1. Quick check: from the Cα gyration tensor, does region 16-119 come out rounded (a/c under 1.5), prolate or oblate?
2. Please rank ARG258, ARG130, fewest neighbouring Cβ atoms within 10 Å first, as an exposure proxy.
3. Which order do LEU259, LEU295 fall in if you start with the one that has the fewest other Cβ atoms within 10 Å?
4. Using just the helices of the chain, give the 222 nm mean residue ellipticity in deg cm²/dmol: DSSP H runs with n ≥ 4 each add -39,500 (n - 2.57), and the total is spread over all residues, rounded to 500.
5. What do you get for Rg/Rh over the chain if you use C-alpha atoms and the Kirkwood form of Rh?
6. Could you give the length gained on full extension between LYS244 and THR305, defined as 0.36 nm per residue of separation minus the Cα-Cα distance, in nm?
7. Using Cα springs under 10 Å in a Gaussian network model of the chain, which residue among GLN141, GLN279, GLN85 shows the largest mean-square fluctuation?
8. Considering the chain as a Gaussian network with a 10 Å cut-off on Cα pairs, which listed residue, ILE283, ILE298, ILE76, attains the greatest mean-square fluctuation?
Amino acid sequence: MTEKIIEVTRLSKKYENLIAVNSISFDIKKGEMFGIVGPDGAGKSTIIKILSCLLPFDEGKGSIFGLDISSNQKKIKKRIGYLSQHFSLYGDLTVDENIEFFAEINNIKMFEERKNKLLDFTKLTEFRKRFAENLSGGMKQKLALICTLIHTPEVLLLDEPTTGVDPVSRRDFWKILQELLKTGMTIVVTTPYLDEAERCNRIALLDNGRIMALDSLEKLKFLIESRIYEVICSEIRSAFNILKSKPFVTEIQAFGDRLNVAVSPDNENASGKIRENLQENKINIIEINEISPSLENIFIHLLTTKNNEQ
Ligand code: ADP
């Protein structure tokens, strides 16, 4: 059986009257990429800070490497790397000097080889003499990651590492994470981007400090019983209103230039019915395709079901 590297049981954290994390439990296995996903204010940063031994909590317990997080902070911190959204690099130091600085504060003596390897790995070697303040947003994020990795942590805790970074750099950053995973590292990453989270081995969907669902993407898809059709057409708003009221439609979501229309699985010829209804209303259809549910579909479905139950 794969070793559990992180264990959290009924963990809660309050800020005055606000319950930021509400009795959450999960395990993370060695070598896993575990995603914590949720909107702003869901409690993602709070969980990562607690796991990084930077924030006390009120109830429950947690352990990393079998060590209790409330009494082994020093030992744990040596073996983890924490990268926050607000990681501060020194703008007036070069790339090399920033890495050297973080190696020194972590008491790492022989870091030259590791530094070169990490620069090479993140494709920053040619920029090593550049001042950090002159790097692009994506490069700064990579440099921050190198500084977090210089002491060779076994577990990497990343809090929204790609928020505000351009899409190409976001993709590069995730490629680097996949490479790190191959070295046996365990990665816990929070993100508000659902498309990014789909790359994780398992995903916890967080809302209001509670885990709504936790599983691999493949298994989370079973939470949606309906079949989903993606409709690309003219006048998305009107198409949305037309289809919303039809009895064969169980749920409908609009995403920019497309609609995702959920219908119950026993519905015969759903795509034909969608087409018919739109054509009757003179909507120009570009495409209708059945699609596999995305994490976005699952998340909205869970939120809608929860709100309807309240
Ligand atoms: P996320 O990372 O998902 O955006 P956070 O963990 O930052 O969520 O915050 C969870 C909730 O706790 C939010 O409602 C936030 O406003 C609140 N919160 C976070 N930090 C503090 C703090 N230091 N004092 C008071 N409330 C806080």
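1. Numbers: a/c = 2.15, a/b = 1.72, b/c = 1.25.
Prolate.
2. On the way: ARG258 18, ARG130 15.
Listed from fewest to most nearby Cβ atoms, that is ARG130, ARG258.
3. Working: LEU259 24, LEU295 21.
Final ranking by Cβ density, sparse to dense: LEU295, LEU259.
4. Numbers: 11 runs with 108 residues, N = 310.
Rounded to the nearest 500, the figure is -10000 deg cm²/dmol.
5. That ratio equals 1.05.
6. Working: separation 61, 0.36 × 61 = 21.96 nm, distance 1.59 nm.
Between LYS244 and THR305, full extension yields an extra 20.4 nm.
7. GLN279
8. Largest GNM mean-square fluctuation: ILE283.
No lab work stands behind these numbers, since they all come straight from the coordinates. For clarity, every value in this text was computed on a predicted model and none was experimentally measured. Don't worry about glycine lacking a Cβ; one is built from the backbone with ideal geometry, like all the others, and counts go over all protein chains shown.
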